[in-house]
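This report concerns only the one structure given below.
The values are calculated or read from the model by the stated rules, or taken from the named source; none is laboratory data. Note that the coordinates shown come from a computational prediction; the quantities given were computed from them, not determined experimentally. Cβ placement follows ideal geometry from the backbone for every residue including glycine, while neighbour counts extend to all protein chains displayed. The area values use the complete protein model at the heavy-atom level, side chains included, leaving out ligands, DNA and RNA. Shrake-Rupley method; radii C 1.70, N 1.55, O 1.52, S 1.80 Å.
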Amino acid sequence: SNLLSSLLAGIKIKKEVANAFVKRKKRSSPYEWYFEYYKSPMEQMHERCENYPPCDYLSDQVGFALAYNRFFG
């Protein structure tokens, strides 16, 4: 059991390292890094709505502005 848990821990770490590497490769240019860290308020609002299923769903029905104001306005 102890051997198994240490193996699983090793696999988990490898997976996290791999994921971090893949994410790092995607944003190659400083320009892309800049936009990842300094998102516009509008983009932040869109993400907030997309990450909240009721807002995301309503957004498809009535449009983003109405959906966002309904939940966060």
Query raised in the report: Does Leu66 fit the bill of being open to solvent by 100 Å² or more (accessible area, probe 1.4 Å), at pLDDT 95 or above, in a helix (DSSP H, G or I) and out of contact with any strand residue (DSSP E or B) (no Cβ under 9 Å at 6 or more places or on another chain)?
Result: yes
Report summary line: So, first residue farther than 15 Å from Glu43 by Cβ in the range 55-67, second residue among the basic types (Lys, Arg) and surrounded by 16 or more Cβ atoms within 10 Å (Cβ to Cβ), Cβ within less than 6 Å, six or more apart or across chains; the pairs are none
